[in-house]
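Read through the structure below, which is laid out as structure tokens, and then see the notes.
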Amino acid sequence: MSALEIGQLLYEGKAKRVFSSADPELVLVEFKDDATAFNALKKAQLAGKGTLNCCISALLFERLEAAGLPTHYRGLFSPNWMVVRPVRIVPIEVVIRNVAAGSLCKQMPIAAGTPLDPPLLDLYYKDDAFGDPLLTEARLMILGLVSADQQAEIEVLARRVNQVLLAFFAAVGLRLVDFKIELGFTSTGALVVADEISPDTCRLWDVHVEDSQERILDKDRFRQDLGGVVEAYGEVLKRVQGACPQARVYQ
Ligand code: TMP
Ligand code: ASP
């Protein structure tokens, strides 16, 4: 445990809480055991999920950092608390799809499992009240959330994140089907990857398993009532730790 003290609750989301610390350049993120899907229509408590997602995210942020990609991550505070830089989150969810799955297959005549090359990048407006709708270029322009240059910077960074994560997961027998990231601007205006990268926000299939349900090691197990959610997340952590055993503790 590091010497930082937990301050005021700044923000509570569906899976995390963000607290201030005495250092204005650091905030603390608590990963909760709450699981939600379909804009929180489906809810459950999954004991151990917070710790698993926090540890997996920490190791993945360290991986991105090692590849020269900027993130908000500073280190672990405890197994389910992370120390991060405060950022102004861009209210855009960036989804990269390497393989067709999920909403793409519900909205288009494309079979699940179809490889997408080049990977498809979809932008969604991050607002639960509107159900996180898919954005078009024109809608993004009307909202004025980011400049054209910032949008380009976001897309380039997201695609580089995909390249690093794709290769990393492939090396531990996991197929990165798709994922969502959120990005933010630091106090100095730098764009960084923020939020989390975990089986809550990625689709991961075990490459050694043929069965289309058994191979799922991500939140689809919860969305589709397949059971074994925490066990699947545990398997992801085990694989990730096989490549990089321990996340650093912030000090
Ligand atoms: P989708 O196929 O439902 O659009 O999801 C694409 C990816 O984004 C998938 O890896 C799950 C992730 N995701 C989130 O992290 N949060 C969300 O609210 C949604 C809808 C998807
Ligand atoms: N994260 C969203 C929710 O909590 C949706 C999802 O991941 O399926 O409802």
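The values are calculated or read from the model by the stated rules, or taken from the named source; none is laboratory data. Computed from a predicted model, the values in this text were never measured in an experiment. Note: ideal-geometry Cβ built from the backbone for every residue, glycine included; neighbour counts use all protein chains shown. Accessible surface areas use protein heavy atoms only, side chains included; no ligands, DNA or RNA. Shrake-Rupley method; radii C 1.70, N 1.55, O 1.52, S 1.80 Å.
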* Asked: When you look at VAL94, is it under 14 Å from the mean Cα position of the chain (by Cα) and not in a helix (DSSP H, G or I), yes or no?
  -> yes
* Structure fact -> Note on PRO86: of the conditions (1) part of a loop (DSSP other than H, G, I, E, B); (2) within 14 Å of ligand 2 (Cβ to nearest atom); (3) in contact with a Pro (Cβ under 8 Å, 6 or more places away or on another chain), unmet is (2)
* To do: Take segment 225-251 and flag every residue that is surrounded by 14 or more Cβ atoms within 10 Å (Cβ to Cβ) and among the basic types (Lys, Arg).
  => ARG239
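Residue under question is PRO109, and the condition is that it be in a loop (DSSP other than H, G, I, E, B), away from ligand 1 (no atom under 12 Å from the Cβ) and in contact (Cβ under 8 Å) with a residue 24 or more places away in the chain; does it hold? Write out each step before concluding.
Values: in a loop (DSSP other than H, G, I, E, B): yes; away from ligand 1 (no atom under 12 Å from the Cβ): yes; in contact (Cβ under 8 Å) with a residue 24 or more places away in the chain: no.
Here the answer is no, as PRO109 does not meet what is asked.
Among the residues in segment 129-151, are any open to solvent by 60 Å² or more (accessible area, probe 1.4 Å) and either in contact with a Lys or Arg (Cβ under 7 Å, 6 or more places away or on another chain) or in a loop (DSSP other than H, G, I, E, B) (or both)? Step through it out loud before you land on a result.
So the first thing to find is which residues in segment 129-151 are open to solvent by 60 Å² or more (accessible area, probe 1.4 Å), and the list is 129-130, 134, 136-139, 141-143, 148-149.
Now drop any that are not either in contact with a Lys or Arg (Cβ under 7 Å, 6 or more places away or on another chain) or in a loop (DSSP other than H, G, I, E, B) (or both), which leaves 136.
Checked against the condition, which is being open to solvent by 60 Å² or more (accessible area, probe 1.4 Å) and either in contact with a Lys or Arg (Cβ under 7 Å, 6 or more places away or on another chain) or in a loop (DSSP other than H, G, I, E, B) (or both), segment 129-151 yields at least one hit.
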* Asked: Of the residues that make up segment 30-47, is at least one more than 19 Å from the chain's Cα centre (by Cα), among the aliphatic types (A, V, I, L, M) and either away from ligand 2 (no atom under 16 Å from the Cβ) or within 24 Å of GLY189 (Cα to Cα) (or both)?
  -> yes
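Every residue, every condition in (1) within 17 Å of the chain's Cα centre (by Cα); (2) in contact (Cβ under 8 Å) with a residue 12 or more places away in the chain; (3) away from ligand 2 (no atom under 16 Å from the Cβ), yes or no:
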| site | (1), (2), (3) |
| --- | --- |
| GLY13 | yes, no, no |
| VAL27 | no, yes, yes |
| CYS55 | yes, yes, yes |
| HIS72 | yes, yes, yes |
| SER78 | no, yes, yes |
* **Matching residues, segment 32-90, being small (Gly, Ala, Ser), open to solvent by 20 Å² or more (accessible area, probe 1.4 Å) and within 16 Å of ligand 1 (Cβ to nearest atom)** => ALA40, ALA44
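Hey, could you check segment 177-224 for residues that are among the charged types (D, E, K, R) and away from ligand 1 (no atom under 16 Å from the Cβ) and say which is surrounded by the most Cβ atoms within 10 Å (Cβ to Cβ)?
GLU214
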